Amino acid sequence: MSRSRNWLDFLRSLQEVQKNRPDEIITWHAGLLMSNHLHLLFSTQSYNEHSLVLDIEKAMQFQLGIKRNLFQRPLPCEPLEHFEYLKSAYKY
């Protein structure tokens, strides 16, 4: 599968998550889809980041037509509580 196809599936998955959460404001700041991992920077007022990542995984499974887990367990999600952390993560 081409890298552009992976990226399109990823973007469709993000759109699906947003569509399924119409009352939730999710701001996608940045995303980087690597060959074997994914980086996402997002903010939300009330959403649990682990739940959001699981929803993204489910949407990607649907887009790709597969049932296996795509993301490592436990989910390596962590909130960035300081602006300096956000700047560093964004530069990465």
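Quick rundown of the values:
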| read-out | value |
| --- | --- |
| Condition broken by residue 62, with the remaining ones in (1) in contact with a helix residue (DSSP H, G or I) (Cβ under 6 Å, 6 or more places away or on another chain); (2) among the aromatic types (Phe, Trp, Tyr); (3) not in a loop (DSSP other than H, G, I, E, B) satisfied | (1) |
| Tabulated pairs, region 37-55, first part of a helix (DSSP H, G or I), second surrounded by 13 or more Cβ atoms within 10 Å (Cβ to Cβ), C-beta under 6 angstrom, 6+ apart or interchain | 49/77; 50/75; 50/77; 53/75; 53/77; 55/17 |
| Any hit, region 67-83, residues being outside any loop (DSSP other than H, G, I, E, B) and acidic (Asp, Glu) | no |
| Residue among 55, 23 that alone is modelled with pLDDT of 75 or more and open to solvent by less than 60 Å² (accessible area, probe 1.4 Å) | 55 |
| Selection within region 64-92 - out of contact with any Asp or Glu (no Cβ under 6 Å at 6 or more places or on another chain), open to solvent by less than 50 Å² (accessible area, probe 1.4 Å) and under 22 Å from residue 24 (Cα atoms) | 75 |
| Unique residue being modelled with pLDDT of 80 or more, open to solvent by less than 60 Å² (accessible area, probe 1.4 Å) and of a type in the set (S, T, N, Q) when the list is 15, 61 | 61 |
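The values are calculated or read from the model by the stated rules, or taken from the named source; none is laboratory data. Computed from a prediction, not measured in an experiment: that's the story for all the values here. Please note: Cβ atoms are built from the backbone with ideal geometry, for glycine as well, and neighbour counts cover all protein chains shown. Please note that ligands, DNA and RNA were not included when accessible areas were found on the heavy atoms of the full protein model with its side chains. Shrake-Rupley method; radii C 1.70, N 1.55, O 1.52, S 1.80 Å.
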